[in-house]
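First comes the structure, then the notes that go with it.
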Amino acid sequence: MIKFRLSRFKSWLISRSNTYVYILLFLIFGSAFWLLVRLKLMNTKELWNGGVIEFIGTLFDILILGIIFSCLSNRLEKQRDIKRYIEALSDYAGWESDEAMYRNTGNIKRLVRLKKKGLTLDRTCLQKANLSGLSFSSWTFEGAILNGAKMLLRDRDKTVLKNTTFSNCSMDYIFIRDAECEGINLININAKNPTFMNLSMRNSHLEGSNFEKSPIKAEEWPYAEWPNFNQIDWGGSEIHKTNFIESIFTDCKFDRAEMIDINFEGSVFNKISFTNTILRRVNFQNVKGLNIEMFSDVQELVNCKNLGDDIINKLKKEKPEIFCDSWQQAAAAEEESIRKNRNTNS
């Protein structure tokens, strides 16, 4: 029994960091010394004449040096672990299989636990990976395969995608919900039937991406009937050269966003806001749910197609200034100011 307990204590001791070991040894020796003094097993008068002071001083020196050494050792060990996991991800780059996905997911979780930031992953296979509750702040995914991946709440921990960049990635059927996505960059993304729910994507940047909802059976994709974009705040984002073909938008805000060369062909709008939004060369062909109130507070509406004659005519009558871009408005305002000054001087 005693041997078993000693074995368990040894295993626990080995699993602890060096700092814990030094503190534990200090407490053991300190407690033993105090007990000897209390039990009068040592001549305290002689000890206090100098020996005990030197002993305590030496003990504290050992403790401090041990903690410093432990911190340096732990830091070096952490750096070695990070390097090893990054090398493993680099070795598996371009390998597409279930085994590659599990290996990559495991290494990524270890890097997240080590609080690695600013990492760039190249051609990493994460197909159907569960990445819920992980923090990818300032990471870059270049050419990654994220088809069917999940980024959800996990034990009340949100997936963190702040300032994360996804470039040239495949994201078919990806499911992102309740994640922190402010400042996210989606560059040249291809995503069929994605699901984005309850996300703050303020100050994000989208360019050259394709989001498409294609027909699919519910048994093949559990979220087939769900909106592609549900409760999304795109406030202040830059969205350029992006296709949202036959996508479903529910309760989404594009307030203060800059949207240029956007294709909403065949999409469905429900509770959409374009307050102070810049819309240039946006295609609304066959979009369902369009109404005049949706565009009553836009900042610019320049060269947009298939918005509907009723909406266009009413907006031109009520807010003709929105059909001129900001440069034209600035030039017109400057010209008007010059004209007024001339009239005043004359």
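The values are calculated or read from the model by the stated rules, or taken from the named source; none is laboratory data. Being a predicted model, the structure only gives us computed values, none of them experimental. Cβ sites come from the backbone with ideal geometry, for glycine too, and all protein chains shown count toward neighbours.
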Task: Filter result (buried (at least 17 other Cβ atoms within 10 Å of the Cβ) and in contact with an Asp or Glu (Cβ under 8 Å, 6 or more places away or on another chain)) within the range 285-301 - done: VAL287, GLU300
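Yes or no, residue by residue, for (1) among the polar types (S, T, N, Q); (2) buried (at least 19 other Cβ atoms within 10 Å of the Cβ):
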{"residue": "TRP234", "(1), (2)": "no, yes"}
{"residue": "GLU238", "(1), (2)": "no, no"}
{"residue": "PHE254", "(1), (2)": "no, yes"}
{"residue": "ASP261", "(1), (2)": "no, no"}
{"residue": "THR277", "(1), (2)": "yes, yes"}
Task: Every residue from the range 149-161 that is surrounded by fewer than 16 Cβ atoms within 10 Å (Cβ to Cβ) and assigned to a loop (DSSP other than H, G, I, E, B) - done: LEU153, ASP155, ARG156
Task: Complete set of residues in the range 104-122 that are touching a strand residue (DSSP E or B) at 6+ places or on another chain (Cβ under 7 Å) and either under 14 Å from LEU146 (Cβ atoms) or among the basic types (Lys, Arg) (or both) - done: ASN104, LEU121, ASP122
- [ ] Identify, from the list ILE262, ILE272, the residue that is in contact with a helix residue (DSSP H, G or I) (Cβ under 9 Å, 6 or more places away or on another chain) and either in a strand (DSSP E or B) or touching a residue at least 12 places away in the same chain (Cβ under 8 Å) (or both).
- [x] ILE272
TODO: Scan the range 125-136 and give yes if some residue there is among the aromatic types (Phe, Trp, Tyr) and surrounded by fewer than 16 Cβ atoms within 10 Å (Cβ to Cβ), otherwise no.
DONE: no
Open item on the list: Would you confirm whether or not the range 288-306 contains a residue that is closer than 23 Å to PRO194 by Cβ, assigned to a strand (DSSP E or B) and under 26 Å from the mean Cα position of the chain (by Cα)?
Closed with: no
Open item on the list: Being at pLDDT 90 or above and within 20 Å of VAL282 (Cα to Cα): is that true of LYS314 here?
Closed with: yes
